[in-house]
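Participant: Questions regarding the structure given below will be posed in turn.
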Amino acid sequence: MGWLVALAGGAAQAQTVVPPRATAGPLEGVWRGILPVPGGELELKVSVITLANGAYYAALDVPMQKVMRSAVTVRQPARTDSVIFTIPQTNSRFLARRSADGQQLQGLWCRPDLRTPVQLHRTPLPAVAKPAGQPTAPYREEEVAFSNFGARLRLAGTLTLPHGAGPFPAAVLVSDLGRQDRDGLVPDSTKQPDMMSYRLLGSLADYLTRHGVAVLRCDDRGVGKSAGANEAATPAQRAADVQAALNYLRTRPEIDLLRIGLVGHGEGANIALLAAAQPLPPAFVIGLGAYGLPGHEILLQQATLAWQAQKVSPAQLETNVRRQRTLYDLIRYSTNPAQTQAMVTNLLRQGEPTLSAAGGQQQAAALLTPWYRSFLTFDPLENLAAVQCPVLLITGLADEQAPAAQHLAALERELKAGGNRAVTAFRPVGVNHLLQPPPVQWTMLNGEMKPVFSPAVQEQMRQWLTTQIGK
C-alpha cells in the first residue's frame, strides 16, 4: 500500500455540495500539485466539475500510485475564501485558502499522523469533442457526397473547412478495419458504453480543422449514407475509395491541390500508404497505429496473446496455434468456395465440439468474406518502395494490436530502404491503438471518466504538418 492511499475497493460515489457564490471565479477545473511524503513526493490531481444542479463533483487521482477517481467532498464555507477537500477513502483532508485570482489553493494536507503544506494550481478542464451534428463555431461544416466511378459507388461524408477563403491544405481520414461511420464509431458500439463518447475520427477532424487544415471524413461502405458493403471491400478497393476522396477535394476551390494528404488509422494507415504508392499520390501520409505484418500474422499474434492471458496450458496453446494457422491457410489458399466452406466449418467444429453444424457454417461464412480473405493475404510492406511523399508514423507504446517494436519498425525500415528520406516515427508512451492516453489523463464529464484523443499525438501531428506543409 502507498503512504497516501489504502483503498478497500473500487472508486466510491463522489459526494456533492451546493457551492456558494465565489468571488474568485468558479472552483471548477483540474487542481494539480505535489505532496511531499517520507522518501519522496507524489503528484496530486483533484478534478472538480459543476453538475447540472449546481453542485460539485470532485475526484482525486494519484498517478504514481495508480489511484483514479477517489471520491472527494467539497466544502466552501460561506463568505470566506476557504476550500475544504475531504477524501474519506484515505482519511485525508485538504484545508486551503484560495488566492485572489482564484488560480491557487494554499493549505495543509492533513492525515491523523501528519500535516503537510501543499499548493495546488488550477488549469481548465480538458475539452471534450462534440458529437456529430452539433455546430462547431471555429470552422465551417458541410455534408458532401462523391462517387468512386470505377466501382459505381456513392460515398458520403463531412467536409470541415477553416474560416476564410483559402486555399487550405487538406486531409482525408481513413478508418481502421471493420465498419465505422465518419466519426470513427462502430455501428454496434452500444455494446461498449464507454466508447460511445469517443469519436476518434471526429476528434481528429476537429483538431486539424482548428489548426487550419480542411478535413474530409467519410462513412465506410455500407455505413451511414455510403453505399456498398464494407465486408466485400478489399484493400485495393478501399484505396480506390481514398483516391476518389482525394479527387473530390481536388475539385474544390477552397482546397490547395498541392497540399492534400491522407491520415489513416490502423488498416486505414496501410490503405493510405497503398494509395500513396499509386499515380496521383497525396502530398503526405500520417499513419496512426499502422500494421507492419501481413494480416494472418497479425491475427495469429493477437490470438496467441489472448490465449496466454487466459493461462492455457503450453500443450493447449500449441494446439490452438496450429489450428488457427491451419484455418488461415485454408482461407488464404483454397480456391474452391464450396469446398473451402466445408473445410473451415469442419475445422471450427473440431475445435469447439459443442458448435452446431448451422453455427459452424455461419461462422465459416463470416470468415470467407472478400474483405477477410484479402486482409489475411495483404502484405503492408509490399508496395512501400513506391511511396516517396513525406510520411509520419505514430504508434503508441501501449498499442497491443500493432506493437511498435514489430509493426512501426518494419514500416519505417521498408520505407527508408525504398529511398524515402522524409520518414518520421513517433512512439508516445502510454498511448494505445485508439490513440488514447493513459486513463489518468482522461477527462471527466458528469462524473464519468471519458476517453480523449492523446494531446501528445495531436501536438506531434501539428508540429510535423507545420514543417511539411506550413500549417
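Participant: Under 5 Å between amide H atoms, partner at least 5 residues away or on a different chain: which partners does residue 37 have, H built in plane at 1.01 Å?
Facilitator: Amide H to amide H, under 5 Å and 5 or more residues apart or across chains, residue 37 pairs with 42.
Participant: Using amide H atoms built in the peptide plane, which far-off residues or other-chain residues are under 5 Å from residue 176 H to H?
Facilitator: Correct list: 265, 268.
Participant: How do 371, 464, 307 rank when sorted from fewest to most other Cβ atoms within 10 Å of their own Cβ?
Facilitator: Ranked by crowding around the Cβ, least crowded first: 307, 464, 371.
Participant: So, one more: Sort the following peptides by mean Cβ neighbour count (other Cβ atoms within 10 Å, averaged over residues), highest first: 425-431, 78-84.
Facilitator: Ranked by mean Cβ neighbours within 10 Å, highest first: 425-431, 78-84.
Participant: Just to confirm the filter: which GluC sites (Glu not before Pro) across segment 387-471 are DSSP coil and have at most 15 other Cβ within 10 angstrom of their Cβ?
Facilitator: Listed in order of number, the matching sites are 400.
Participant: Would you please name the GluC sites (Glu not before Pro) within segment 276-384 that are DSSP coil residues with at most 14 other C-beta atoms within 10 Å of their C-beta?
Facilitator: Passing both the DSSP loop test and the Cβ count: 382.
Participant: With the radius of gyration and the Kirkwood radius both derived from the Cα set of segment 296-376, what is their ratio Rg to Rh?
Facilitator: 0.97
Participant: Starting from the amide H of residue 118, placed 1.01 Å from N in the peptide plane, find each other amide H under 5 Å away whose residue is 5 or more places distant or on another chain.
Facilitator: Long-range HN contacts for residue 118: 107, 108, 109.
Participant: Additional query: Could you size up the charge dipole of the chain around its Cα centre, putting +1 on the beta carbon of Lys and Arg and -1 on that of Asp and Glu, and report it in debye to the nearest 20?
Facilitator: For the chain, the charge dipole is close to 740 debye.
Participant: Right, next: How many nm separate the modelled label positions at residue 229 and residue 323, each set 7 Å beyond the Cα in the direction of the Cβ?
Facilitator: 2.9 nm
Participant: So what J values fall out for segment 158-164 if you push phi through Karplus, 6.51 cos²θ - 1.76 cosθ + 1.60 with θ = phi - 60°, rounded to Hz, Gly and Pro as x?
Facilitator: Each residue's phi maps through the Karplus curve to give 10, 10, 10, 10, x, 5, x Hz.
Participant: Quick one: 121, 265, fewest Cβ neighbours within 10 Å first, how do they rank?
Facilitator: 121, 265
Participant: In segment 29-123, with Lys and Arg counted as +1 and Asp and Glu as -1 at Cβ, which of these residues, 64, 37, 100, has the Cα nearest the positive end of the dipole, that is, farthest along it?
Facilitator: 100
Participant: For a bin width of 10 Å, list the pair-distance distribution of segment 29-123 built from all Cα-Cα distances, rounded to whole %.
Facilitator: 15, 54, 27, 3, 0
Participant: Among all lysine pairs in the chain that are eight or more places apart or on different chains, how many have alpha carbons less than 19 angstrom apart?
Facilitator: Final tally of qualifying lysine pairs is 5.
Participant: Out of the trypsin sites (Lys or Arg not before Pro) in segment 336-440, which ones are loop residues according to DSSP with at most 15 other C-beta atoms within 10 Å?
Facilitator: Loop-located and lightly packed - 421.
Participant: Same structure again: What percent antiparallel are the DSSP beta bridges of the chain, to the nearest 5?
Facilitator: 75 percent
Participant: Let's see if you can work this out: charge +1 on each Lys and Arg Cβ, -1 on each Asp and Glu Cβ, no other charges. What is the dipole magnitude of segment 296-376 about its Cα centre, in debye to the nearest 20?
Facilitator: Value, rounded to 20: 20 debye.
Participant: What does the convex hull of the alpha-carbon atoms of the chain project to on average, in nm²?
Facilitator: Convex hull of Cα atoms, orientation-averaged projection: 27.3 nm².
Participant: Additional query: Got a sec to turn the phi values of segment 286-292 into Karplus ³J(HN,Hα) couplings, 6.51 cos²θ - 1.76 cosθ + 1.60 with θ = phi - 60°, whole Hz, x for Gly and Pro?
Facilitator: Taking θ as phi minus 60°, the curve returns 10, x, 9, x, 5, 8, x Hz for segment 286-292.
Laboratory data are not the source of any read-out in this text; all were calculated from the coordinates shown. Bear in mind the structure is a predicted one, so any value in this text is a computation, not a measurement. Here the Cβ is made from the backbone with ideal geometry for all residues, glycine too, and neighbour counts use every protein chain on show.
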